[in-house]
Amino acid sequence: MKQLPAPGNNNNNTKTTTFFALKKQTILSQLSRPDESYTDASPKGSVDVGVRHLIGHINAHAGLVTTSSCAGRVSVYLEGRKSTTTTAAAAVAGGGGGGGGEGGEGEEGGRAQAVPGITTPAAAASAVGGKGGGEWLFVSHDPVTDEEEHGGEEGYERLLLGGGPELVAASVAGEETAAARRVEVDGSSRLIHFKFEPMILHVLTASLEHAQLVIQAGMEAGFRETGAVSLLKRQADDEATPMVAVRSMGLSFESLIGAETDGHRRLIVSPQYLKTLVQLANERFVENEKRIARFSAALEAAFAPPKGKENWEDAQARRERKRQEGLRRRDEVKKDKSIVAGEFTIDFILQEPDVL
């Protein structure tokens, strides 16, 4: 393992030490709260069960602390209502709603912090692509259960699209399924997205050396888009405390599955296609769990001391130990000299003078 700066023992830079130490202390204090009183800025408001052990493992390292996390999720998202000017422009251009976006949540929003754009649908409008003012119809951090529990293939439709009065089922009053799914998507339609996202984790590190080891572990585990920001010093006398994002786009996928027009939601794909998406997402959950386990193992190996050296210490810790040992020896020598000098003085005073 590389020799790492020891947080809290940097005599040349107390500002960085204080910043990282205080930040970590605050985060750990929040995480230590009981589940019933804990809350955070994510839409869920709590730490995902699937990464709690990993978070505890990471935070046990002196130079690391997690700031946000998501164990992985499958979600269905309804875009926000488009503004009047956007709708008019889309109508002139002959185009409909955009194909991306999740209400402004992105990987840094809905997964890591609150989503300011998510309000009641009538209270906000969104741009093309659905940014802002959207609505989560379904979110799960675990595989979706079997279709039998939801009434067969059409049960997925009700589960994922909300199942409220806004939903127009795939089979209505004996109509053919294909005809029931026929829906006009225009500039005012709100598109519905089905999406799977693997784990994403943000780790604040005490130094560039710590960040490099976390990035290396993430890459080895299959989180290929792992990287770091805040690599530069905030001020001239500071040291960098990089933020590492552990993530991968390789397992992610997204598909349009429906639309809401005039307040009515309909699938624009077949129930069988929707079932296929759910099955694919469940398979990705399994692979995601394997990568999380590999990342945990790789991180443990990266920060482990060299084999056969149980009492191994880095160069800075060794210098500090040697300095303390030297100070103790100096004090002992001074003490010994003081005792010897005192004995000599007493002996000199008590010695009787020679008689001539």
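Before moving on, here are some points about what is shown:
- Residue within segment 226-241 that is open to solvent by 10 Å² or more (accessible area, probe 1.4 Å) and within 13 Å of L160 (Cβ to Cβ) present: no
- Unmet requirement for K2, which otherwise passes all of (1) modelled with pLDDT of 65 or more; (2) open to solvent by 50 Å² or more (accessible area, probe 1.4 Å): (1)
- Meets criteria (touching a Leu at 6+ places or on another chain (Cβ under 7 Å) and closer than 30 Å to L191 by Cα) for V269: no
- Residue in segment 175-184 that is at pLDDT below 85, over 26 Å from I27 (Cα atoms) and in a strand (DSSP E or B) present: no
- All positions within segment 242-290 that are assigned to a strand (DSSP E or B) and either free of Cβ contacts under 8 Å to residues at least 12 places away in the same chain or among the acidic types (D, E) (or both): E254, E260
- Entry remark, segment 258-283: residues being within 20 Å of D142 (Cα to Cα) and open to solvent by less than 60 Å² (accessible area, probe 1.4 Å) number 7 in total.
- Residues that are aliphatic (A, V, I, L, M), open to solvent by 20 Å² or more (accessible area, probe 1.4 Å) and assigned to a helix (DSSP H, G or I), drawn from segment 45-68: V49
The values are calculated or read from the model by the stated rules, or taken from the named source; none is laboratory data. Note that the coordinates shown come from a computational prediction; the quantities given were computed from them, not determined experimentally. Note: ideal-geometry Cβ built from the backbone for every residue, glycine included; neighbour counts use all protein chains shown. When the accessible area is computed, the model is the full protein with side chains, heavy atoms only, and any ligands, DNA or RNA have been set aside. Shrake-Rupley method; radii C 1.70, N 1.55, O 1.52, S 1.80 Å.
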